[in-house]
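Data block below; observations after.
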Amino acid sequence: MSHIPTIRSAIPFEGPTSKNALAFKHYNPDELVDGRTMAAHMRFSIAYWHSFRGAGSDPFGSGTIQRPWETGTDPVSIAKKRMDAAFEFFQKIRAPFWCWHDRDIAPEGRTLRESNKHLDKIVAHAKQLQKATGVKLLWGTANLFSNPRYMCGASTNPEASVFAYAAAQVKKALEATLELDGENYVFWGGREGYETLLNTNLKREQDHLAAFLHMAVDYAREIGFQGQFLIEPKPKEPTRHQYDFDVATGIGFLRTYGLAKHFKFNIETNHATLAGHSFQHEIEVAAAANMLGSIDANSGDPLLGWDTDQFNTDIRELTLAMLSILKAGGLGAGGFNFDAKLRRPSVDIEDLFFAHIGGMDAYALAFKIARRILSDGVFEEFVSQRYASFDMGFGREIEKKKIGFRELEKIALAAKEPKPISGRQEYLENLLMEYLAPGGDRSSGRAIAS
């Protein structure tokens with residue numbers, strides 16, 4: 001029985017001239033690019049929590065969205081029907097992956113033991129659906145932020161019994177991720193932070209967070225989980241200060257506690273902007289440390305100061321992000337997970353399709369534009385020329401750490417006043433705009449303005 005009868009088949013690719021709102025214009029999953037399908041390049045994933053647990057609520061109002069499969073009295077039976085609907089959607093939207101929190105897919109019981117039993121039943125059901133559909137698990141994670149027990153954090157909670165409960169919950173979530181052949185496991189410290197330093201031992205809480213992550217690494221090794229561990233930075237919300245504020249903060253934390261070799265980063269666009277950075281900046285910082293892992297694909301509203309989790313269709317922003325991702329060699333075992341939700345008035349099931357079609361098309365188009373830009377090499381050549389003085393002479397010696405202040409002082413005293421070199425920002429932004437324009441192909445022979 002179909003849970004989504006109004007959409008009878010998988011969303012087709014009809015090309016950029018199509019006027020069909022229920023068709024892809026730029027994302028053709030079967031298109032071959034460098035010997036791989038677009039589906040394999042993009043590795044799109046659907047976020048279970050927003051798409052199938054989101055009810056259209058926001059900080060100022062209750063839910064507006066009602067789904068036909070949300071009927072019955074037994075929460076486990078409802079969870080199975082919901083999952084059936086979800087996998088039908090995954091197939092029809094042609095997404096090869098999905099992601100979950102443990103409490104998204106299975107109802108929380110009265111005790112941890114009961115919660116675990118519920119999760120076991122739903123994981124068994126999900127395993128059957130994955131086998132039947134070919135949809136894979138990109139990553140799993142544990143919800144360590146919604147229940148009141150986590151009001152002061154999970155691994156950073158001042159109460160040791162809460163730490164123990166969180167450890168047991170992650171242990172079970174890791175086992176479930178392994179059972180479903182998940183390729184990654186994400187740590188999102190939803191409440192790992194503080195409201196005031198008047199009641200907080202910051203050093204002790206960070207020590208506890210590090211100990212928790214070491215325990216997770218050890219247990220993953222023990223059970224044979226070979227997937228990638230990811231940290232998802234998030235600033236400000238919901239606590240006044242999150243310990244995983246941004247990628248740079250996360251790198252410093254991981255290196256301080258000897259965890260850097262075990263983790264990469266799951267970067268969310270909306271979290272980047274809440275931290276005062278661009279999406280591309282966070283990608284570049286992670287890539288520079290060889291710690292770029294995966295992407296939560298969404299955006300925030302620049303006029304609002306909270307995590308709105310909208311579907312991103314800003315081609316300029318996404319092209320810049322894709323440039324950095326491609327230069328870094330791609331996402332490997334990661335992917336583009338649509339951690340995005342429908343707007344509160346978008347209450348029809350068709351809206352869920354419209355939203356994901358737009359997001360997938362936007363990322364696919366950005367991917368194609370970024371490949372053209374890199375193929376032409378104009379921006380890369382400009383940057384290379386800008387730093388050319390470090391490719392020879394004493395500049396090269398600086399990078400090789402074979403020269404010091406005494407030698408550099410002699411060079412500076414003997415030389416003329418350094419002449420500034422223009423960064424040509426406006427020229428480069430104009431050039432980017434040409435690529436973003438319809439039909440924006442540029443020949444590889446384009447000259448650089450000097």
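The values are calculated or read from the model by the stated rules, or taken from the named source; none is laboratory data. Note that the structure is predicted; figures quoted are calculated from it, not measured. Virtual Cβ from ideal backbone geometry, glycine too; neighbours counted across all protein chains shown. The protein model used for the area step is the full one, side chains on, heavy atoms only, and it has no ligands, DNA or RNA in it. Shrake-Rupley method; radii C 1.70, N 1.55, O 1.52, S 1.80 Å.
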Would you tell me the accessible area of Met42, worked out with a 1.4 angstrom probe on the heavy atoms of the protein chains, in Å² to the nearest 10?
0 Å²
How far is the Cα center of segment 111-134 from the Cα center of segment 388-415, in Å?
61 Å
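Given a 1.4 angstrom probe, what's the average accessible area per residue across the chain, in square angstrom? Mind showing how you got there, number by number?
Numbers: 22130 Å² over 450 residues.
With all protein chains present, the chain gives 49 Å² per residue.
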Using θ = phi - 60° and Karplus 6.51 cos²θ - 1.76 cosθ + 1.60, couplings along segment 26-32 (whole Hz; Gly, Pro as x):
10, 8, 10, x, 8, 5, 8
What do you get for Rg/Rh of segment 1-53 when both radii come from the Cα atoms and Rh is the Kirkwood radius?
1.04
For segment 378-419, what is the largest minus smallest coordinate of the Cα atoms on each principal axis, given in angstrom and ordered from greatest to least?
37, 24, 12
What residues have an amide H closer than 5 Å to that of Phe24, excluding those fewer than 5 places away on the same chain, when H is modeled at 1.01 Å from N in the peptide plane?
Phe13, Glu14
Compute the whole-percent fraction of alpha carbon pairs in segment 263-366 spaced more than 20 Å apart.
36 percent
Counting only protein heavy atoms and a 1.4 Å probe, tell me what percentage of the chain's accessible area is made up of carbon and sulfur.
53 percent
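With only alpha-carbon pairs counted, each pair once and no self-pairs, how large is the Kirkwood hydrodynamic radius of segment 1-90 in angstroms?
Mean inverse Cα-Cα distance, inverted, gives 15.8 Å.
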For Leu259, Leu197, what's the largest-to-smallest order of accessible area, 1.4 Å probe?
Leu197, Leu259
Reach of Lys136 by Cα under 22 Å, taken over lysines that are not fewer than 8 positions away in the same chain
Lys80, Lys81, Lys92, Lys121, Lys127, Lys171, Lys172, Lys264, Lys341
Rule-of-thumb Rg ratio for the chain [Cα; 2.2 N^0.38 Å; N residues]:
1.07
For segment 69-154, report the translational diffusion coefficient in µm²/s to the nearest whole number, using Stokes-Einstein at 4 °C, 1.567 mPa s, and a Kirkwood Rh over Cα pairs.
94 µm²/s
Here the convex hull volume per residue of segment 133-212, taken over Cα atoms and given in Å³, is 93 Å³
Counting only other residues whose beta carbon sits under 12 Å from that of Gly252, what net charge do I get with K and R as +1, D and E as -1?
-1
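Within the chain, which complete DSSP H helices have Cα atoms spanning at least 20 Å along the helix axis and a mean Kyte-Doolittle hydropathy of -0.5 or higher?
Once both thresholds are applied, what remains is 75-93, 160-179, 202-223, 349-376.
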Accessible surface ranking that places the most exposed of His271, His26 first, with a 1.4 angstrom probe:
His26, His271
Amide H neighbours of Gln228 under 5 Å, counting only residues 5+ apart in sequence or on other chains, H built in-plane at 1.01 Å?
Asn184, Tyr185
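How much mean residue ellipticity at 222 nm does the chain get from its helices, if each DSSP H run of length 4 or more adds -39500 (n - 2.57) and you divide by all residues, to the nearest 500 deg cm²/dmol?
Rounded to the nearest 500, it is -14000 deg cm²/dmol.
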